[in-house]
Amino acid sequence: MPAGKKPFIYNPPMSPYLSLVYYDNDIVVANKQSGLLSVTGIQPAHKDALISRVQKVLPSATVVHRLDMATSGIMVMALNKEAHRRLSKQFQDRLTKKRYYARVDGTVADDEGIITLPLIVDWPNRPKQKVDFENGKPSLTHYRVIRRLDGETWVELLPVTGRSHQLRVHMLSLGHPILGDRLYAHDEARAKAPRLQLHAETLILQHPSSGEWKRFTSDVPFMDYQPDTLPLPGSDDINPD
């Protein structure tokens, strides 16, 4: 363990133990709680994760994508090999559409914008990521200000790429870390919230069997805000201009 790095103490939330939004013969969609691992870890204490909880109900479930432990919101899992293959290809080809909401520190000046900073793992400080213009992977995030309050801003985030910690590092790069971020925020911003104020609110994907576009949503637990419905492909452009 690097000098000065605190040990990881895992206390997964128990209520609700599992929140399923939808399932059929091919997919299951869950609302992950903040503080719960998406996948199991190596240590015995880290075997409790969203995937292990889902598998208690639907044993064939497999992970297609992940959310950070501290992030809450919508996750989809596959229930058979063909569904896993087709969903994985959608994420790889960036055909899925994702919308997040966050509370960030300070006042974001521009009403909207695009962040294109390339990211790479900060190896000595892993799991942290960092901006690296030489070796980083291309990363793209659209953001839009929802509300400006005293000392904080509410933002809508539409990631085009899906790099690890992308939204957290991109907002940090603007000088506005996400409130409650134990990895990236400064002490004052960390102290403003008991958990990371980042939520995966909408996921749009093509059903692996029917080909129908499906929209799954989860209410933002830390905002008094009702978002507009993100349109399905073919009905409108779901990315900002």
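What follows draws every value from the coordinates through simple rules; no lab data is involved. None of the values given here were measured: they were computed from a predicted structure. Glycine gets a Cβ as well: all are built from the backbone with ideal geometry, and neighbour counts include every protein chain shown.
Highlighted here are the strands (runs of 3 or more DSSP E) found entirely within the stretch 135-241 that include at least 1 residues which are free of Cβ contacts under 8 Å to residues at least 60 places away in the same chain, closer than 21 Å to LEU67 by Cβ and basic (Lys, Arg): 213-217.
Of all residues assigned to the stretch 25-38, at least one qualifies as being touching a residue at least 60 places away in the same chain (Cβ under 8 Å), under 15 Å from LEU205 (Cα atoms), surrounded by 13 or more Cβ atoms within 10 Å (Cβ to Cβ) and not hydrophobic (A, V, I, L, M, F, W, C).
Selection within the stretch 44-69: residues that are free of Cβ contacts under 8 Å to residues at least 24 places away in the same chain and part of a loop (DSSP other than H, G, I, E, B). The member of this set that is surrounded by the most Cβ atoms within 10 Å (Cβ to Cβ) is SER60. Does THR116 qualify as being under 22 Å from ALA189 (Cα atoms) and polar (S, T, N, Q)? No, not satisfied. The set of residues in the stretch 123-132 that are of a type in the set (D, E, K, R) and surrounded by fewer than 16 Cβ atoms within 10 Å (Cβ to Cβ) comprises ARG126, LYS128, ASP132. Name the single residue that is nearest to the chain's Cα centre (by Cα) among those in the stretch 167-195 being crowded, with 22+ Cβ neighbours inside 10 Å, farther than 22 Å from PRO7 by Cβ and not aliphatic (A, V, I, L, M). Going through the qualifying residues, I end up with HIS170. Note on the stretch 115-134: residues that are touching a helix residue (DSSP H, G or I) at 6+ places or on another chain (Cβ under 6 Å) and part of a loop (DSSP other than H, G, I, E, B) amount to 1. Screening the stretch 83-110 for residues that are buried (at least 19 other Cβ atoms within 10 Å of the Cβ) and among the aromatic types (Phe, Trp, Tyr) and picking the one that is nearest to the chain's Cα centre (by Cα) gives TYR100.
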